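*Asks:* Would you mind keeping the following structure in view while I ask a few things?
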Amino acid sequence: MFETTFLDVPALRAVHGTVRLPGSKSISNRVLLLAALCRGRTVVHDLLDSDDTQVMLQALRQLGCGVAVEGARAVIDGLGGRADRPRRAELFLGNAGTAMRPLTAALAVLGGDYVLSGVPRMHERPIGDLVDALRALGCDVRYTGQDGYPPLAIGEPQLKLDQPIPVRGDVSSQFLTALLMALPLAAGRPGTQDIVIEVVGELISKPYIEITLQLLARFGVQVRREGWQRFIIPQGAAYRSPGDIHVEADASSASYFIAAGALSAGAGGQNGLKIEGVGADSIQGDIRFVEAARLMGAHIGSGPNWLRVRRGRWPLAAIDLDCNHIPDAAMTLAVMALYADGPSTLRNIASWRVKETDRIAAMATELRKLGAQVHEGEDFIRITPPATWKAASIHTYDDHRMAMCGSLAAFNPAGLPVRIEDPRCVGKTFPDYFETLFAIAEPAGPLPVICIDGPTASGKGTVAAEVARRLGYHFLDSGAIYRMTGLAARRQGLAPEPAHEAAIADLARALPVRFGAGRFRLDEEDVSDAIRTEAAGMDASRVSALPAVRQALVELQRDCARLPGLVADGRDMGTVIFPQASLKVYLTASAAERADRRHKQLISKGIPANIDSLRADLEARDARDKNRASAPLKPAQDALLLDNSHLSIDQSVDQVLSWWQARQPF
């Protein structure tokens, strides 16, 4: 997951290949809570690993559940029938509505001494209608802050279940879901008859209630439904673990890749983009996003667990659509509307106002930045595509869907990049969203590359690595590539000599290297220490003198330029490897300063060193590098010079980033 303060997404042209989606957040947290309310053990497969599910898992641990997680598999030992369950807990639930609402209802019915709180935005999300319904059936739920909003304190209930329980249906379907999941806990009490829930007003987001009903049935509770106004939990209903249960992939997450396929100029020709994990038989209402995308002109095929998408009509067709059945996925339609042949209107989306942020206001604000005309109402948004596209920095409001929707603006026909602020917010439902998008995307133009060249011990590797970290870009250490080539050759029994030049060149072309977090991997083995030896340095010099090997490594280094961008350090990055780089920096320092740095570095490692000898060695190395026949050390003609003799690493990094920002259109 990108941990940067912002992420610049280059202009994108197409998507190709296959994408596998993570599990559904809505299903994951429902299944976890239902498993916790059962007697015995439930094994959950394909569980989403996200902020919201982590919040739920931690809450279940605090409530006394056995919780063991390994990858996408979780084993939950439930609380059902346990007299020794903890009856006091303070639960912090972040901004996870799928945890706050159902846990409030379940704990209010079970009874105890609980406090439920979250982040400031959670304390702005209304919960009053659920609390009113719980109080009506005799639960003790109190506000500890502003009335109608979390935080909440929960005590012991005096349940009264002989009358229908009213709950408003026009605010959030999560309120009804919470009651449906909690009330089976009371259905088996002596003297309890059928428990009836009556929806007051129109029920929004019906598909999410359908998910809840289907999952309740999987856990042994068959709820009778009379239209969408009356729900009946039968007397004696009780949860039973299904033993094993699989979480379906997230249909809302599928919407971003359906949109990408519809916007893609290539989309893999006739094959399109394949989306695995969700298909025509999905139990999620957001699968009906497929119908909306088809209305706009996307070509979409489907099977039991897959979709295949490619561009059809272009520009997309404008739509006027009631989106009550796809409230989350409808946000993706708002961005697709930027590519339509006229104004599009999305209606019946009042629930957007009470999500992670006020999504109607947020979407209107951010789409205007891109050049669109937007009119918003209490429960609708109307979008007129940009006459002229603008490069924009998209504020995400700590809302995962704003970030993922915003990335789709990178397909704009003007070839402009888009900046996503706080990209880490996608961790709520899809931590690897951007990595997944970049793995299948094709840039519309040259990838952004920053080259940082300079002499030995100038600090270029440290500066380049930190610049890459702050931008979320890939990092290329050219010196490490040569050292790893020498190491790989030695392991193959190939001495770095002219007699083995062709064989080492073949080895270099497919060298399985990976950089990250200051470590270097060769075919997944960490060789960071092995390539820092004096012998590895000598072998690097020998392989660099072999022309065929140098050429093979030129190609390998150029292949390291991948989305979203690259920071490369070396001695010929800007002159030979990436002559068209977006920014070239020549980093240097006096020989005296570099010798002092190297001396301190060696002494700190317990290695004896003489500063005068180090300086002489550096000056001799500089002379050799400047006068070598192939790619001599020199600044590229368009490089910016940075003498960091009297600068800290952070100051050097800040200067490079300042130069980079000055070249961005935001």
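The values are calculated or read from the model by the stated rules, or taken from the named source; none is laboratory data. This structure is a prediction, so every number in the text was calculated from the model and none was measured. Neighbour counts are summed over all protein chains in view; Cβ atoms, including those assigned to glycine, are modelled from backbone coordinates with ideal geometry. Remember, those area values only see protein heavy atoms, side chains included, never the ligands or the DNA or RNA. Shrake-Rupley method; radii C 1.70, N 1.55, O 1.52, S 1.80 Å.
*Asks:* Karplus couplings for the range 439-452 from phi (6.51 cos²θ - 1.76 cosθ + 1.60, θ = phi - 60°), rounded to Hz, Gly and Pro as x?
*Replies:* 5, 10, 8, 10, x, 7, x, x, 6, x, 10, 10, 9, 10
*Asks:* Could you work out what % of the accessible surface of the chain is carbon and sulfur, using a 1.4 angstrom probe and leaving DNA, RNA and ligands out of the count?
*Replies:* Ligands and nucleic acids excluded, carbon and sulfur reach 49 percent.
*Asks:* Of Thr462, Thr384, Thr345, which has the most accessible area with a 1.4 Å probe, and how do the rest follow in descending order?
*Replies:* The most accessible residue leads, giving Thr462, Thr384, Thr345.
*Asks:* Same structure, new question: Just to make sure I understand: if all protein chains stay in place, what is the order of Lys206, Lys626 by accessible area at 1.4 Å, largest first?
*Replies:* The residues order as Lys626, Lys206, largest area first.
*Asks:* Rounding to the nearest 20 debye, state how big the charge dipole of the chain is about its Cα centre with +1 on each Lys and Arg Cβ and -1 on each Asp and Glu Cβ.
*Replies:* 520
*Asks:* In nm, give the distance between the simple-model label positions of Ala548 and Ser590, each being 7 Å from the Cα along the Cα-to-Cβ direction.
*Replies:* 4.7
*Asks:* How high is the relative contact order of the range 359-424, in percent, with contacts defined as C-alpha pairs under 8 Å that are six or more residues apart?
*Replies:* Relative contact order comes out at 27 percent.
*Asks:* Further question on the same structure: Residue separation times 0.36 nm, minus the C-alpha to C-alpha distance between Asp529 and Ala499: what's the value?
*Replies:* The Asp529-Ala499 span can extend by a further 8.0 nm.
*Asks:* In addition: Tell me the per residue accessible area of the range 206-245 using a 1.4 Å probe; a whole number in Å² is fine.
*Replies:* Value for the range 206-245: 45 Å² per residue.
*Asks:* Using the beta-carbon distance between Gln158 and Glu378 and R0 = 41 Å, what value does 1/(1 + (r/R0)^6) give for FRET efficiency, to the nearest 0.05?
*Replies:* My answer for the efficiency is 0.60.
*Asks:* Sort Glu421, Glu366 from largest to smallest accessible area, using a 1.4 Å probe on the heavy atoms of the protein chains.
*Replies:* I get Glu421, Glu366, largest accessible area first.
*Asks:* Another question, then. Between Asp559 and Glu276, what length comes free when the chain is fully extended (0.36 nm per residue of separation minus the Cα-Cα distance, one decimal in nm)?
*Replies:* Taking 0.36 nm per residue and subtracting the Cα distance, the gain is 99.1 nm.
*Asks:* Using the Cα centre of the chain as origin and beta-carbon charges of +1 (Lys, Arg) and -1 (Asp, Glu), tell me which of Ala591, Val19, Gln284 is placed farthest towards the positive end of the dipole.
*Replies:* Val19
*Asks:* Any idea which of Ala510, Pro150, Gly272 is furthest toward the positive side of the dipole for the chain, if Lys and Arg beta-carbons carry +1 and Asp and Glu beta-carbons -1?
*Replies:* Working it through, the farthest residue towards the positive pole turns out to be Ala510.
*Asks:* Calculate the dipole size of the range 478-626 relative to its Cα centre from +1 charges on Lys and Arg beta carbons and -1 charges on Asp and Glu beta carbons; express the result in debye to the nearest 20.
*Replies:* It comes to approximately 280 debye.
*Asks:* For the chain, what relative contact order do you get, as a whole percent, if you take Cα pairs closer than 8 Å and at least 6 residues apart?
*Replies:* 13
*Asks:* Measuring from label point to label point, each 7 Å out along Cα→Cβ, what is the Glu442 to Arg218 span in nm?
*Replies:* Between Glu442 and Arg218, the label points sit 3.8 nm apart.
*Asks:* Compute the Cα gyration tensor for the range 517-652, then decide on rounded, prolate or oblate, letting a ≥ b ≥ c be the square roots of its eigenvalues: rounded whenever a/c is under 1.5, prolate when a/b is larger than b/c in the other cases, and oblate in all that remain.
*Replies:* It comes out rounded by the Cα gyration axes.
*Asks:* Picking from Thr357, Val426, Pro386, whose Cα lies most toward the positive end of the charge dipole for the range 323-429 (charges on Cβ: Lys, Arg +1; Asp, Glu -1)?
*Replies:* Going by the Cα projections, it comes out as Pro386.
*Asks:* Nearest 20 debye, what's the magnitude of the dipole of the range 497-579 about its Cα centre given +1 on Lys and Arg Cβ and -1 on Asp and Glu Cβ?
*Replies:* The dipole of the range 497-579 has a size of about 320 debye.
*Asks:* For the range 601-666, what does the alpha-carbon gyration tensor say about shape, rounded, prolate or oblate, given a ≥ b ≥ c as the root eigenvalues, a/c under 1.5 as rounded, and a/b over b/c as prolate?
*Replies:* Since a/c reaches 1.5 but b/c is at least a/b, the shape of the range 601-666 is classed as oblate.
*Asks:* Under 1.5 on a/c is rounded, so check that first for the chain, then, if it is not, pick prolate when a/b is larger than b/c and oblate when it is not; a ≥ b ≥ c are the square roots of the alpha carbon gyration tensor eigenvalues.
*Replies:* Cα axes put the chain in the prolate bin.
*Asks:* Just grab the label-to-label distance for Arg628 and Met1, each label 7 Å out from Cα along the Cβ direction, in nm (one decimal).
*Replies:* According to this spin-label approximation, the distance is 4.2 nm.
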